[in-house]
C-alpha cells in the first residue's frame, strides 16, 4: 500500500507539472518524447545524487559516532582503532 502511495504522490505532481509546461508552450510545442526524456533524466540524476549523498553521510556519521556499523565497515581491529583515533582527533 505504501508503494502505491509513493507512486501516486511521485507521478501525479509530475504529470500535472508536465501538463502545465505543455500548456505554456502551446504555440511552439516541443515533442512529447523530448519532454518525457527531460523528466526521466531529472529523476535519474536526482535519485542517483540522493543515493550517493545519503550513503556518504551515513557512512561518515557511523564512523564518527562510533556506532556498531563501524565494525561492519571496518572489520579489522587495527582499522577500527585508526578510525576511532581519527574521529577523536576530528571532534577535539
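Quick note: the coordinates plus some simple rules give every number you see, no bench work behind them. This structure is a prediction, so every number in the text was calculated from the model and none was measured. In this analysis, Cβ positions are derived from the backbone assuming ideal geometry, glycine residues included, and neighbour counts consider all displayed protein chains.
Summary of computed values
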item	result
Shape call, segment 2-54: gyration tensor on alpha carbons, a/c limit 1.5	oblate
Sorted by Cβ neighbour density within 10 Å, fewest at the top, the residues 14, 1	1, 14
Extension gain, residue 24 back to residue 38 (0.36 nm per residue minus Cα-Cα distance, nm)	3.4 nm
